[in-house]
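Colleague: Dumping the structure here so I can ask a few things about it.
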Amino acid sequence: MNKIIEKFQLSESVYQLKVEAPLIATERKPGQFILLLLSENGERIPLTISDADPLEGHITLIFQAVGKTTHLLANMNEGDFIANLVGPLGTPTHIENFGSVVCVGGGIGAAPLYPIVQGLKNAGNKISVILGARNKELLILENKMKASSDELIVCTDDGSYGRKCLVTEPLKELCEQNNKPDLVVAIGPPIMMKFCSETTRPFNVSTVVSLNTIMIDGTGMCGGCRVTVGNKTKFVCVDGPEFDGHLVDFDNMMIRLRAYKKREDSDHHQCHINLKIEDKD
Amino acid sequence: MTYIPPEILQHDAKILIEKLKSKQNSLTPKDRISIPPQEMPTQDPNKRNKNMNEVALGFFVEQAKLEAMRCIQCKNAPCVDGCPVRIDIPGFIKAIAQEDFKKAIEIIKNNSLLASVCGRVCPQETQCQETCTVGKSLKDVNKAVSIGRLERYVADWERTQKNIADPIVKPNTGKKVAIVGCGPAGITVAADVRREGHAVTIFEAFHKTGGVLVYGIPEFRLPKKIVQEEVDFLKKMGVEIKTNFIVGRTRKLTDLIQKDGFDAIFIGSGAGLPRFMNIEGENLVGVFSANEYLTRSNLMKAYDKENAHTPIFDSKIVAVLGGGNVAMDAARTALRIGAQEVHLIYRRTEVEMPARVEEVVHAKEEGVIFHILQNAKQIIGDENGHVKAIECLKYELGEPDASGRRRPVEISGSEFNIAVDTVIVAIGNDSNPLIKQTTPSLETNRWGNIIVDENCKSSIDGIYAGGDIVLGAATVILAMGQGRIAARSINEYLQD
Ligand SMILES: Cc1cc2nc3c(=O)[nH]c(=O)nc-3n(C[C@H](O)[C@H](O)[C@H](O)COP(=O)(O)OP(=O)(O)OC[C@H]3O[C@@H](n4cnc5c(N)ncnc54)[C@H](O)[C@@H]3O)c2cc1C
Ligand SMILES: Cc1cc2nc3c(=O)[nH]c(=O)nc-3n(C[C@H](O)[C@H](O)[C@H](O)COP(=O)(O)OP(=O)(O)OC[C@H]3O[C@@H](n4cnc5c(N)ncnc54)[C@H](O)[C@@H]3O)c2cc1C
Ligand code: FES
């Protein structure tokens, strides 16, 4: 049982929760995540630990309400308890002084990116952050990123804020400079990570991506989270979630993410109906 | 085998008991051996393959008595040698024949802690029943005295008694023991160590306790209520259970000793790392490890499509690869979830199948289609990356291999396809490397199993291990047996 101590809405469908979890707050490192389960009949879903305060004993989760469980979570309030929360899971980000690093966050990907930006900054790297969102409304963590980086580039698909382009455009420009980046970290929707990796490939810039496959146990027990990386099968929950973007088979991963699409869509639809009913009370 | 409804089994048993009444105390061994082996009453195969309720219903009291009367109480009792925890088998069976069920269960409990579980899932035909004199004289191991069914009978009898005595726990010693994993090994150690008065905390990674008994073995073979009762018993003894706690991640193993003041640790973390075939097409949509498929269905209750939020794949035609208990469980679960056809593909023959005989029989009765001496070569996908078919090869048996079983040799050019939309890989588990990775000084062998001495002590003082993490994927009874040894060692260690 983990108590929600603070709840914010960051954008139309994105929420931030501060949750009591003293042991996880102490042990966690950038790049790690938790799994939570809201009820006996619930589903275990992974969320990145986007910040933690070991002294206060809490962790921060930022999530987008996309389906059943994330909607249920969005409906919870300060003082409520999350029935089950386990972590920290996954292999922490490899942090060292690489030199100059470009960190690309697409949509909700900014949330998992944030602790990595902090970690890399603290290790002495020069950090450029590229944040992308469909529109101004959906952009999150702009101020925090600005405070933790040397340069921030914002772009939106519709041009409602910052540059009107996809994140790959400024990424390409940075790679074309004389002193090209030593490392790129890209986190966001799979399609974005795929194209970021394609963008950096011709420049030979190492690119780390963080994969958000479907998970159950999160400890390497089921293999449900597996992906193909460099023709080998890897388990995202233990071998990852971060991998060399130039080796990941994104197409296979995207297909696997949609394995339960039919069921999820109907549940999602159902939970919108339920939300509306609740609204009326 | 033809299905015999429970009423008929009971009726027949009643008549026979009546007939034997007059000479009950003067039965000769020959009389005993001529009593027909009692069949386990089960749900009708065509009904049960659509529900999750327990398949085997347990003996009627008349059957239990008759089966117990089949035991000739032979002096050398080879069955005891076949039992990994050396239960006094003739002793408890005699008590059943005398209708003293209380005494029977007490005899079992001297050696075993999980009678209602082991009575259901032990591979008796390769343990106690394999060497049974009755089976030997009838030249058929399946006609041995059904020791497991009798064990289950008295364990279930006890569960229905209202006045189960409260556990006796010695006064607090001030010592603390941590147990990693709440499977059969961990449960056993917890009970035996707590009884000596040490404080015990179990750390369990999942949100539910029971290990494989809960996430792997399905409800239709082992009702979760039984496992829950075992865990409730531990709580009654004062054992503390922390779920959602992954030792190695939430807290390092060594921190438990150095920072949290535990005096000893038992690791019973099981063998949870699914093996795949490493063949083409294994990452297509529709391919699952048995662990994933069974975890979704059992732990996350995905079979309850109305209420559970965790989805399970909507399969029409399923191929299951493997021939062990895990494969049988996956195949039978797939039927219950609604698959129209389930093909079980195994590269040796039925004789070599590691599954319990009863599970093989039940799977066939329920309609699982067996393909022996065949193996998957590759999984074929459609243009959307979903499974479309499985390509198999035929095999024949060659020379015996290291395991003593005749090695299957592929017949070249024998490839053929089966159209399927789902493939479940059930070819075994290796040990989960998580604890080893976060505790470098812990010695393991090349399969990742923790190395222990004959007292189940690991390479680190104060740290003990047992069950699947030591043995590789093994059995419940062996996990319990090692748990008892480890508990004894821990209790001795804490005395000094
Ligand atoms: C390591 C990791 C870290 C993540 N971090 C974050 C984060 O910080 N913030 C955030 O908003 N999201 C994060 N995600 C994604 C998040 O887990 C999914 O959005 C969530 O599971 C959706 O569940 P749902 O029931 O609301 O939606 P559903 O309708 O069930 O699913 C919507 C989509 O989410 C994915 N999904 C479904 N079930 C699971 C599952 N059990 N595990 C993983 N993905 C699933 C599928 O692609 C699906 O199409 C992360 C995922 C991973 C693997
Ligand atoms: C589908 C299936 C069917 C089976 N059928 C039979 C059968 O019919 N008969 C039979 O005798 N055997 C059967 N077995 C094998 C049997 O279940 C196992 O041998 C037995 O459960 C091993 O017990 P254990 O206590 O060592 O481990 P497990 O039962 O695996 O329990 C280990 C527990 O430790 C937890 N854990 C792991 N790592 C950590 C960590 N780092 N921190 C905290 N907790 C952790 C796990 O979540 C789990 O709950 C079957 C196995 C499977 C998978
Ligand atoms: S989530 Fe089960 S192995 Fe990764």
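The values are calculated or read from the model by the stated rules, or taken from the named source; none is laboratory data. Not measured: the values here are computed from a predicted model. Glycine also receives a Cβ, built like all others from the backbone with ideal geometry; neighbour counts cover every protein chain displayed. Keep in mind that these areas ignore ligands, DNA and RNA; they rest on the heavy atoms of the full protein, side chains included. Shrake-Rupley method; radii C 1.70, N 1.55, O 1.52, S 1.80 Å.
Colleague: Probe 1.4 Å, all protein chains in place: accessible area of B:ASP255 in Å², nearest 10?
Modeller: Surface accessible to solvent at B:ASP255 totals approximately 20 Å².
Colleague: When the dipole is taken about the Cα centre of the range A:101-224, and only Lys, Arg (+1) and Asp, Glu (-1) are charged at their Cβ, what size is it in debye, to the nearest 20?
Modeller: Working: 12 positive and 12 negative charges, 21 e Å.
So the magnitude is around 100 debye.
Colleague: Which entries of A:LYS18/A:LYS126; B:LYS23/B:LYS47; B:LYS109/B:LYS224; B:LYS94/B:LYS457; A:LYS232/B:LYS252; B:LYS50/B:LYS225 show an alpha-carbon separation above 31 angstrom in the structure shown? Each step should come with its number before you reach the end.
Modeller: Details: A:LYS18/A:LYS126 29 Å; B:LYS23/B:LYS47 40 Å; B:LYS109/B:LYS224 21 Å; B:LYS94/B:LYS457 37 Å; A:LYS232/B:LYS252 29 Å; B:LYS50/B:LYS225 20 Å.
In this structure, B:LYS23/B:LYS47; B:LYS94/B:LYS457 lie more than 31 Å apart at Cα.
Colleague: I would also like to ask the following. Restricting attention to the alpha-carbon atoms of the range B:277-427, what are Rg (one decimal) and Dmax (integer), both in Å?
Modeller: 15.3, 51
Colleague: Put B:ARG149, B:ARG488 in order of accessible area, largest first, 1.4 Å probe: what do you get? All intermediate terms of the calculation are to be shown ahead of the outcome.
Modeller: Values: B:ARG149 55, B:ARG488 145 Å².
Result of the area sort, largest leading: B:ARG488, B:ARG149.
Colleague: Let me ask another. Between B:GLU492 and B:ASN25, what FRET efficiency comes out of the Förster formula 1/(1 + (r/R0)^6) with R0 = 60 Å and r the beta carbon distance, rounded to 0.05?
Modeller: Numbers: r = 45 Å, r/R0 = 0.76.
E(calc), rounded to 0.05, equals 0.85.
Colleague: For the range B:30-80, just the Cα atoms, rotate onto the principal axes and tell me the three extents in Å, largest first.
Modeller: Extents along the principal axes: 45, 23, 16 Å.
Colleague: Sticking with this structure for a sec: Please list log₁₀ I(q)/I(0) at q = 0.07, 0.09 Å⁻¹ for chain B, using the Debye equation with identical point scatterers on the alpha-carbon positions.
Modeller: So the normalised log intensities work out to -0.40, -0.67.
Colleague: Related question: Regarding the protein assembly as shown, what is the average projected area of its C-alpha convex hull, in nm²?
Modeller: Values: hull surface 148.8 nm².
The Cα convex hull of the protein assembly as shown, projected and averaged over all directions, gives 37.2 nm².
Colleague: When Cβ neighbours within 10 Å are restricted to other protein chains, what is their mean count per residue of peptide B:302-308? Working shown, then result.
Modeller: Values: counts 3, 0, 1, 1, 1, 2, 4.
So the per-residue partner count for this stretch is 2.
Colleague: To the nearest hundred square angstrom, how large is the accessible surface buried between A and B, total for both chains, probe 1.4 angstrom?
Modeller: Working: alone 13970 and 22660 Å², together 32920 Å².
For chain A against chain B, roughly 3700 Å² becomes buried.
Colleague: How big is the dipole moment of the range B:144-229 about its Cα centre under a simple scheme where the beta carbon of each Lys and Arg is +1, that of each Asp and Glu is -1, and everything else is neutral? Debye, nearest 20, please. Mind showing how you got there, number by number?
Modeller: Details: 13 positive and 9 negative charges, 18 e Å.
About 80 debye.
Colleague: In addition: Let me spell out the model: positive unit charges on the Cβ of Lys and Arg, negative unit charges on the Cβ of Asp and Glu, origin at the Cα centre of the protein assembly as shown. What dipole size does that give, in debye rounded to 20? Present the calculation step by step, with values, prior to reporting the outcome.
Modeller: Working: 92 positive and 98 negative charges, 317 e Å.
Roughly 1520 debye, rounded to the nearest 20.
Colleague: In Å, what is the Rg of the alpha-carbon atoms in the range A:6-67, and how long is Dmax?
Modeller: Final numbers for Rg and Dmax: 11.9, 33 Å.
Colleague: Given a Förster distance of 45 Å, report the FRET efficiency between B:ASP81 and A:ASN231 from their Cβ-Cβ distance, rounded to the nearest 0.05. Don't skip to the end; give the middle numbers.
Modeller: Working: r = 50 Å, r/R0 = 1.11.
E(calc), rounded to 0.05, equals 0.35.
Colleague: Hey, another quick one. Considering only protein heavy atoms, what per residue accessible area in square angstrom results for chain A with a 1.4 angstrom probe?
Modeller: Details: 12040 Å² over 281 residues.
Result: 43 Å² per residue.
Colleague: A further question follows. Give the lysines reachable from A:LYS121 as a straight Cα distance under 19 Å; neighbours fewer than 8 places away on the same chain don't count.
Modeller: A:LYS29, A:LYS144, A:LYS146, A:LYS180
Colleague: How many percent of Cα pairs in the range B:240-347 exceed 23 Å? Please list the in-between numbers first.
Modeller: On the way: 2590 of 5778 pairs.
Everything past 23 Å amounts to 45 percent.
Colleague: State the extension gain, in nm to one decimal, for the chain segment bounded by A:LYS262 and A:SER13, taking 0.36 nm per residue of separation less the distance between their alpha-carbons.
Modeller: On the way: separation 249, 0.36 × 249 = 89.64 nm, distance 2.17 nm.
Contour length minus the Cα-Cα distance gives 87.5 nm.
Colleague: I'd like the FRET efficiency for B:ASP260 and A:SER39, computed as 1/(1 + (r/R0)^6) with the beta carbon distance as r and R0 of 30 Å, rounded to 0.05. Provide the component values of the computation, followed by the final result.
Modeller: Details: r = 30 Å, r/R0 = 1.00.
Calculated value: 0.50.
Colleague: At a 1.4 Å probe radius, carbon and sulfur cover how many percent of the accessible area of the range A:1-134?
Modeller: Details: 2370 of 4800 Å².
With neighbouring chains kept in place, the figure for the range A:1-134 is 49 percent.
Colleague: Please give the residues from the range B:257-289 for which the solvent-accessible area of heavy atoms, probe 1.4 Å, is smaller by at least 30 Å² with all protein chains in place than with the chain isolated.
Modeller: Relative to the lone chain, where solvent access is computed with a 1.4 Å probe, the range B:257-289 loses at least 30 Å² at B:PRO274, B:PHE276, B:ASN283, B:VAL285.
Colleague: Mean residue ellipticity at 222 nm from the helices of chain B, using -39,500 (n - 2.57) per DSSP H segment of n ≥ 4 over the full residue count, to the nearest 500 deg cm²/dmol? Walk me through the intermediate numbers first.
Modeller: Details: 20 runs with 177 residues, N = 496.
-10000 deg cm²/dmol, from helical runs alone.
Colleague: For the full complex of protein chains and a 1.4 angstrom probe, list B:TYR303, B:TYR346 by accessible area with the highest value first. It would help to have the intermediate numbers written out before the result.
Modeller: Values: B:TYR303 80, B:TYR346 20 Å².
Result, largest first: B:TYR303, B:TYR346.
Colleague: At 1.4 Å probe size, with the rest of the protein present, what percent of the exposed accessible area of the range B:268-427 is carbon and sulfur atoms?
Modeller: Values: 2810 of 6100 Å².
Roughly 46 percent of what the probe reaches on the range B:268-427 is carbon or sulfur.
Colleague: Report the relative contact order of chain B, percent, no decimals, based on alpha-carbon pairs under 8 angstrom and at least 6 residues apart. If you can, show how the numbers build up before the last one.
Modeller: Details: 1023 pairs, mean separation 71.2, N = 496.
After rounding, I find 14 percent.
Colleague: Can you tell me which aspartates and glutamates have their Cα less than 14 Å from the Cα of A:LYS172? Leave out same-chain residues fewer than eight positions away.
Modeller: Correct list for A:LYS172: A:ASP182, A:GLU198.
Colleague: A follow-up question, please. Amide H neighbours of B:GLY381 under 5 Å, at least 5 residues apart or on other chains, H built in the peptide plane: list them.
Modeller: When sequence neighbours closer than 5 places are left aside, the close amide H contacts are B:LYS388.
Colleague: Right, something else. Output the Cα-based Rg and Dmax of the range A:143-273 in Å, rounding Rg to one decimal and Dmax to a whole number.
Modeller: Both quantities, over Cα of the range A:143-273: 17.1, 54 Å.
Colleague: For chain B, what does the accessible surface come to per residue with a 1.4 Å probe? Please give it in Å². Intermediate results must be reported in sequence, preceding the final value.
Modeller: Values: 20880 Å² over 496 residues.
The answer is 42 Å² per residue.
Colleague: While we're looking at this one, here's another question. If one computes P(r) from the Cα atoms of chain A, what percent of pairs lie at distances over 27 Å?
Modeller: That tail contains 38 percent of the Cα-Cα pairs.
Colleague: Let me ask something else. Residues of the range B:210-250 losing 40 Å² or more of accessible surface, assembly versus chain alone, probe 1.4 Å, please list them.
Modeller: By number: B:ASN244, B:ILE246, B:ARG249, B:THR250.
Colleague: By average Cβ neighbour count within 10 Å, what is the ranking of B:369-379, B:389-399, B:421-431, A:106-116 from highest down? Could the numbers behind the result be given before it?
Modeller: Numbers: B:369-379: 19.3, B:389-399: 17.1, B:421-431: 23.1, A:106-116: 25.7.
Packing order, densest peptide first, comes out as A:106-116, B:421-431, B:369-379, B:389-399.
Colleague: A further question on this structure: Could you look at the range B:102-229 and say what percent of its accessible area is carbon and sulfur, using a 1.4 Å probe and all protein chains? Spell out each step's value before the answer.
Modeller: Details: 2610 of 4820 Å².
Roughly 54 percent, rounded to a whole number.
Colleague: Right, next: Using Cα pairs under 8 angstrom and six or more residues apart, how large is the relative contact order of the range B:157-297, in percent?
Modeller: Working: 197 pairs, mean separation 42.0, N = 141.
Value for the range B:157-297: 30 percent.
Colleague: Follow-up question, since we're still on this one. Lys/Arg Cβ at +1, Asp/Glu Cβ at -1, dipole of the range B:151-203 taken about the Cα centre: which of B:ILE164, B:ALA178, B:ALA190 is farthest positive-ward?
Modeller: B:ALA178
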